[in-house]
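For reference, the structure is listed below as structure tokens.
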2 protein chains.
Amino acid sequence: MPKRQGKYTLLLPSKPSIIGSAAVAGKKEKEGPMGTYFDLCFQDTTLGEESWEKAEARMQTEAVNLAIQKAGLTNAAIQYIFAGDLLNQCISSSFGLRGLGIPFLGQYGACSTMAQTISLAALLVDCGAANHCAAVTSSHFCSAERQFRFPLEYGGQRTPTAQWTATASGSAILGAHQTDTPFVAAMTIGKITDLGIKDAANMGAAMAPAAMQTLLDFLNDTHTTPDDYDLILTGDLGSVGAALLKELLTKEGVSLSSNYNDCGILIYDAQKQDVHAGGSGCGCSAAIVCSYLFQKMREGAFRNVLFLGTGALMSPTSSQQGESIPGIAHLLQFRMPS
Amino acid sequence: MPKRQGKYTLLLPSKPSIIGSAAVAGKKEKEGPMGTYFDLCFQDTTLGEESWEKAEARMQTEAVNLAIQKAGLTNAAIQYIFAGDLLNQCISSSFGLRGLGIPFLGQYGACSTMAQTISLAALLVDCGAANHCAAVTSSHFCSAERQFRFPLEYGGQRTPTAQWTATASGSAILGAHQTDTPFVAAMTIGKITDLGIKDAANMGAAMAPAAMQTLLDFLNDTHTTPDDYDLILTGDLGSVGAALLKELLTKEGVSLSSNYNDCGILIYDAQKQDVHAGGSGCGCSAAIVCSYLFQKMREGAFRNVLFLGTGALMSPTSSQQGESIPGIAHLLQFRMPS
């Protein structure tokens, strides 16, 4: 049963575990520094489907099926699936998961969605509402570009602060505590934070204040400092947002050192892969967390990790209407059993 | 702490109560049969804002503020807000609620979203993760028409099976059990159900099979029949979907009698208000449940009610790509304390 700690943090005393996880990704992601960690990569952006949207839905199907299989379970053993994506009306999730027969709860937190789905999945296991829950999100460069920006054929120039939407999907299965895999120790759900950034090609800057707020709330609630953790990993602030987060935190008297990293920075080689400020998209942090992070934790490289999923809660319509970009960040503390 | 009952149902033994609720709506909704139940109605579709999207966001702000006020609380007393809407990237929720300072969990279940938000809000109160949670959703005829169908200026003909997106928002505050207001006794989260309906102007037909499946799952899990309830209320199947639900259930040996109704049928006078098959939109069931239903329950007219929020999980893109319409339905059992 969850236990409240401070104003914003929940501890999960039953220590629900990541009993299975999987990540699938595209060609560019396979060629990046994280390529060897992904379970499955696709050479073709359509995965043989008729559209990029259908390809993205297929990635969710593949990721969740692999994760369930790696957990040694069948669909029937999963009580709830929490899923979301960036496409309008979250169609990657509804179409990708409609064949599973698992009770479905659609989530929307933009690029913070993976942190949100794992948080709720872990909470439902911790409180006994479920024996097993699944969490999954995805993004696809081509479906995102044409929905949020321009037709790919247009060949629009990207600004230096722009991030590259990752073609990827990650899924995690939460279950009762196990001793050989990471567990969710705590979670802090974020508040919407809007400091007035209006540049939709600089989402790192729009999300950084939210990441700062949620991290400060968690550190305050738990009376800890960044040095107490082996790794602090933000979702996808990219290089611009990550630098801004450090700067914002310094003003608050908190410093992030070499134990800080960002999924948007990790997923591509910024020099060689022409991605400007780094990766983004629901699938970016999902794939990194569900492959690299959990594997490194199982190997003992990290034992106590904070993951902050970050999201920009705007739409093309809101930006066209002159609105600023509300940001959000949800924090999860993952630990390896000692 | 929630208790599983059968395969799909959760009982909430702490009986979390609806400690406050409010509904706001537009002019057409005020002129309908439910008009007198709404807390606040707006004569102008823009609410004085610059766009319909901003107006819809404002409706969420108004509904949730009223609900918090009626619960006798302040924002600081609410640990989580679950919110969603139909607009791309759920901007009514993110922009309408960004000023609240309450940890935010965006939900997407199309028109089933109100059932989903109340379910999760009640669950988090029941398991002790929160003292109070808020749930809110909205829809707006004008913002929905231009996003999902045609510019209003085009004056497109509507088909007889089409439903009218309600301009409305409803919010409920969940808290510890109280003796004078309805509580959430049980919940059944639905599975995605897709029988191949492709007509986006007949969403009642697309959602009816999901409503049937979730209702059968609940009745099976609880060993009850429709006659055990004072009212069975579907979200917004409208007249076409509601008739289809009855027909589908009859084939399964279950009959819905005069204790069955639908929010999409209740909200407008179908004869006088030219709404064809009835109302729809996240705000339709949200406004009916958070005003009429809870008020009638407090007055003793209904003591044991099943509410089935129903959603069509498609997008214009998926329909244009020839996809069918996946449906979903989540069930809540509301009871008055005896």
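Derivation of every value follows stated rules applied to the coordinates shown; laboratory data play no part. Keep in mind the model is a prediction, meaning the values are calculated, not measured. Because the Cβ atoms are built from the backbone with ideal geometry, glycine has one as well, and the counts that use them run over all protein chains shown.
Mind sorting B:MET114, B:MET187 by how few other Cβ atoms lie within 10 Å of their own Cβ, fewest first?
In order of increasing Cβ crowding within 10 Å: B:MET187, B:MET114.
Take the Cα of B:LYS251, go 7 Å toward its beta carbon, and the backbone nitrogen atoms of region B:216-230 under 17 Å from that spot belong to B:216-217.
To make sure I understand, if each residue's beta carbon is the centre and we count other beta carbons within 10 Å, what order do B:LEU237, B:LEU245, A:LEU215 fall in, fewest to most? Each step should come with its number before you reach the end.
On the way: B:LEU237 33, B:LEU245 28, A:LEU215 25.
By the 10 Å Cβ count, ascending: A:LEU215, B:LEU245, B:LEU237.
Expressed as a whole number of Å, what is the distance separating the alpha-carbon centroids of region A:250-264 and region A:118-145? Centre-to-centre distance over Cα atoms comes out at 26 Å.
Relative contact order of region A:243-338, taken over Cα pairs closer than 8 Å and 6 or more residues apart, is 20 percent.
Among A:190-202, B:311-323, how do they line up from the highest to the lowest mean number of other beta-carbon atoms within 10 Å?
Numbers: A:190-202: 18.8, B:311-323: 21.4.
Descending packing order for the listed peptides: B:311-323, A:190-202.
Across identical copies of the chain, A:GLY101 has label-point separations of 4.9 nm, listed in ascending order, with the point defined 7 angstrom from Cα along Cα→Cβ.
Inter-copy label distances at B:ALA77, shortest first and taken from points set 7 Å along Cα to Cβ: 4.4 nm. Eigen-decomposition of the gyration tensor built on the alpha-carbon atoms of region B:101-249 gives equivalent ellipsoid semi-axes of 29, 23, 13 angstrom, largest listed first. Label-point separation (nm) for A:ASN65 and B:LYS3, each offset 7 Å from Cα along Cα-to-Cβ? Output for this residue pair reads 3.9 nm. Panel order for A:MET34, B:MET336, by other beta carbons found within 10 Å of each beta carbon, from fewest to most: B:MET336, A:MET34. Label reach from B:GLN320 (point 7 Å along Cα→C-beta): in region A:146-170, amide nitrogens under 20 Å belong to A:146-156. Taken residue by residue and averaged, Cβ atoms of other chains lying within 10 Å of the Cβ of A:192-198 number 3.
Over region B:177-242, the Kirkwood radius and the radius of gyration, each from Cα atoms, give a ratio Rg/Rh of 1.04.
Identify the trypsin sites (Lys or Arg not before Pro) of region A:1-69 meeting these criteria: DSSP loop state and at most 15 other C-beta atoms within 10 Å of the C-beta.
On the way: sites: A:LYS3, A:ARG4, A:LYS7, A:LYS27, A:LYS28, A:LYS30, A:LYS54, A:ARG58; in loops: A:LYS7.
Here the trypsin sites (Lys or Arg not before Pro) that fit, given the DSSP loop and packing criteria, are A:LYS7.
For chain B, what are the per-bin percents of Cα-Cα distances with bins 20 Å wide, up to the bin holding the maximum? Result, from short to long distances: 36, 60, 5 percent.
Build a GNM of chain A with springs between Cα atoms under 10 Å apart, and of A:GLN157, A:GLN271, A:GLN295 the one that fluctuates most is A:GLN157.
Using a 4.7 Å Cβ-Cβ cutoff, the cysteines of chain A lacking any partner cysteine are A:CYS41, A:CYS90, A:CYS111, A:CYS133, A:CYS142, A:CYS263, A:CYS282, A:CYS284, A:CYS290.
Calculated mean residue ellipticity, 222 nm, chain A: -9000 deg cm²/dmol, from DSSP H runs (n ≥ 4) at -39500 (n - 2.57) each, averaged per residue and rounded to 500.
If R0 is taken as 35 Å, the Cβ-Cβ distance between A:ASP274 and A:THR224 corresponds to a FRET efficiency of 0.35. Each residue of region B:230-235 was assigned a 3J(HN,Hα) from its phi angle through the Karplus curve 6.51 cos²θ - 1.76 cosθ + 1.60 (θ = phi - 60°); the sequence is 6, 8, 10, 10, 8, x Hz, with glycine and proline shown as x.
Taking the square root of 5 times each eigenvalue of the Cα gyration tensor, what semi-axes in Å does the equivalent ellipsoid of region A:194-338 have, largest first?
Details: eigenvalues 127, 68, 34 Å².
Calculated on Cα positions only, the semi-axes equal 25, 18, 13 Å.
Annotation: the antiparallel percentage among DSSP beta bridges lying fully within the protein assembly as shown is about 65.
Hey, got the average number of other protein chain Cβ atoms within 10 angstrom for residues in B:315-322?
On the way: counts 9, 3, 9, 11, 1, 2, 7, 3.
What the average comes to for B:315-322 is 6.
Model label sites at B:THR46 and B:ARG149, defined 7 Å from Cα along the beta-carbon direction, differ in position by 2.2 nm. Annotation for B:LYS198, label-to-label distances across the other copies: 4.4 nm (shortest first, one decimal, point 7 Å from Cα along Cα→Cβ).
Between the C-alpha center of region B:2-22 and that of region A:179-235 there is a gap of 31 Å.
What GluC sites (Glu not before Pro) in region B:212-302 are in a loop by DSSP, with at most 14 other Cβ atoms within 10 Å of the Cβ? Could you put the intermediate results ahead of the total?
Values: sites: B:GLU247, B:GLU252, B:GLU299; in loops: B:GLU252, B:GLU299.
Taking region B:212-302 and a limit of 14 other Cβ atoms within 10 Å, the loop GluC sites (Glu not before Pro) found are B:GLU252, B:GLU299.
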